[in-house]
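Student: One structure is given below, represented as structure tokens, and several questions about it will come after.
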Amino acid sequence: MTFEIMNEIIDLRSDTVTRPSKGMLDAMTSAKVGDDVFGDDPTVIKLEEKAAIMLGKEEALYCPSGTMTNQIAMKVHTKPGDEVICDESSHVYRYEGGGIGFNSGASVRLINGDRGRINAQQVIENINPDDPHFPVSGLVVAENTSNRGGGSCYEFIELKKISEACKKNNLKFHLDGARLFNALTETGESTKQVGEIFDSVSICLSKGLGAPVGSLLIGDSDFIKQALRIRKVFGGGMRQAGYIAAAGIYALENNISRLNEDHQKAKIIGQTLQSCDFVKEVLSIETNIIVFKLTDDYHDINFLELLKSKNILAVGFGPQTIRMVTHLDFSDEMLDDLLSILKTIR
């Protein structure tokens, strides 16, 4: 498939489908590199230091994926037999290949939150008593924004309450912040405010920020020292990783401020979907994720094929449910074309 043909496709499967801009590519090709496994790649070091400073933490660790950063965090924060508390729709539970059990030997306590968001009272109610019949509650994981929640954002005050509950009950608190910057674009808190209330934070560079690959795990020095060992065991050490780390630096410096454009496009799409005959319900749109339910006249698989026939790519998100995600490669012209096509579907 040529680049020209691919350009005609409106790809809304995820914000991971972006391609590096010219500025990002220039940063990548001009990057100074070393060997990150030996710890001497200057661009990786710069990226990690930049992320740590942004979150107000001591250190950061560059990894190939957000799944790896989440799995490393859970492995460091727990021991086999512990229990992880999270929402039932959490990425760490649903979409990381059973990694909590496979990698950490931990069980999971699932909470039915509000569109992926749990609250402090729910956390407190699900902490196990000090009784050998029960696993030890060791870690709470929050996801902001929530993928299955349709890009829903936590209220910062609730995250602070959960953090206080964790400290009081000797639990660690990890943030799956794959789309953290999308959330902060809407809620207005600083990255340092976020860093203050979590023991560890994972951020993804290859979603809304537009880098081709990579995620960062951020925490204190002792945590990152342990995380580095786990990354080695997981096979996550990379050599001249500075070439892709340079894309991450470019993303953090240039692509955060434009996220609101994605959010506004998502909301415009949502408004159009509200008036479409094939739509039963559109979840409230807060950031760049659109989730809508189809009427009984349509089947999700057939509907996706219908969209594909019109050069629109989306993903199924459960029975009769479709997800679209806006991103920096989704242009104004593509938005106009998409809206026109949606209005023709009967």
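Each value in this text was obtained by applying a stated rule to the coordinates, not by laboratory testing. As the structure is a computational prediction, the values presented were derived from the model and not from experiment. Reconstructed Cβ throughout: ideal geometry from the backbone, glycine too, with neighbour counts over all protein chains shown.
Student: Efficiency by 1/(1 + (r/R0)^6): what FRET value for Ser309 and Glu186, r their Cβ-Cβ distance, R0 = 25 Å, to the nearest 0.05? Mind dumping the intermediate values first?
Tutor: Numbers: r = 34 Å, r/R0 = 1.37.
Computed FRET efficiency for Ser309 and Glu186 comes out at 0.15.
Student: Let me ask something else. Within segment 160-176, name every residue whose backbone N is under 18 Å away from a label modeled 7 Å from Cα of Ile124 along the Cβ vector.
Tutor: Only 160-173 fall inside the zone, counting backbone N under 18 Å.
Student: Listed here are the pairs Lys32/Lys75; Lys46/Lys225; Lys79/Lys225; Lys22/Lys50; Lys46/Lys267; which of them are more than 28 Å apart at the Cα?
Tutor: Lys32/Lys75; Lys46/Lys267, as the Cα separations exceed 28 Å there.
Student: Two-decimal Rg/Rh of segment 9-78 from alpha-carbon positions, Kirkwood Rh?
Tutor: Reported Rg/Rh, Kirkwood definition of Rh: 1.04.
Student: Would you compute, from DSSP H runs of 4+ residues alone, the mean residue ellipticity of the chain at 222 nm, taking -39500 (n - 2.57) per run and dividing by the full residue count, rounded to the nearest 500?
Tutor: Calculated mean residue ellipticity at 222 nm is -12500 deg cm²/dmol.
Student: Oh, and also: Taking θ = phi - 60°, what integer Hz values does the Karplus form 6.51 cos²θ - 1.76 cosθ + 1.60 yield along segment 244-261, in sequence order, with x for Gly and Pro?
Tutor: 8, 5, 4, 5, x, 4, 4, 4, 5, 8, 10, 10, 6, 5, 8, 4, 4, 4
Student: Would you mind checking which residues have amide H under 5 Å from Val279's amide H? H placed 1.01 Å from N; only 5 or more apart, or other chain.
Tutor: Thr295
Student: Separate question: Using θ = phi - 60° and the Karplus curve 6.51 cos²θ - 1.76 cosθ + 1.60, what whole-Hz ³J(HN,Hα) does each residue of segment 98-104 get, with Gly and Pro shown as x?
Tutor: Listing the rounded values in order: x, x, 4, x, 5, 8, 10 Hz.
Student: Could you estimate the translational diffusion coefficient of segment 71-198 from the Stokes-Einstein equation, with Rh from the Kirkwood formula over C-alpha pairs, at 37 °C and 0.692 mPa s, in whole µm²/s?
Tutor: Translational diffusion coefficient: 226 µm²/s.
Student: To two decimal places, what compactness ratio does the chain give when its Cα radius of gyration is scaled by 2.2 N^0.38 Å? It would help to have the intermediate numbers written out before the result.
Tutor: Details: Rg = 20.5 Å, N = 346, 2.2 N^0.38 = 20.3 Å.
Against the compact-globule rule of thumb, the ratio is 1.01.
Student: Only Lys, Arg, Asp and Glu count, each charged at its Cβ (+1, +1, -1, -1), so figure out the dipole size of segment 1-146 about its Cα centre, rounded to 20 debye.
Tutor: It comes to approximately 160 debye.
Student: With label points built 7 Å along Cα→Cβ from the Cα atoms of Arg94 and Asp114, find their separation and express it in nm.
Tutor: If labels sit at Arg94 and Asp114, their model points lie 1.9 nm apart.
Student: Of Ser215, Ser30, Ser137, which has the largest mean-square fluctuation in a 10 Å C-alpha GNM of the chain?
Tutor: Its mean-square fluctuation being the largest, the pick is Ser30.
Student: With charges set only on the Cβ (+1 for Lys and Arg, -1 for Asp and Glu), what does the dipole of the chain come to about its Cα centre, in debye to the nearest 20? Display every interim value, and only then the final one.
Tutor: On the way: 37 positive and 48 negative charges, 71 e Å.
Here the size comes out at about 340 debye.
Student: Give the relative contact order (percent, whole number) for the chain; include only Cα pairs under 8 Å separated by 6+ residues.
Tutor: Dividing the mean separation by the residue count of the chain yields 25 percent.
Student: Could you check the spin-label model distance between Ser284 and Lys32? Points 7 Å from the Cα along Cα→Cβ, value in nm.
Tutor: About 4.9 nm, to one decimal.
Student: In Å³ and rounded to a whole number, note down the convex hull volume per residue for the Cα atoms of segment 194-297.
Tutor: 165
Student: Let me ask you something else. Please build a GNM for the chain, connecting alpha carbons under 10 Å apart, and tell me which residue among His174, His133, His299 fluctuates the most.
Tutor: In the Gaussian network model the winner is His133.
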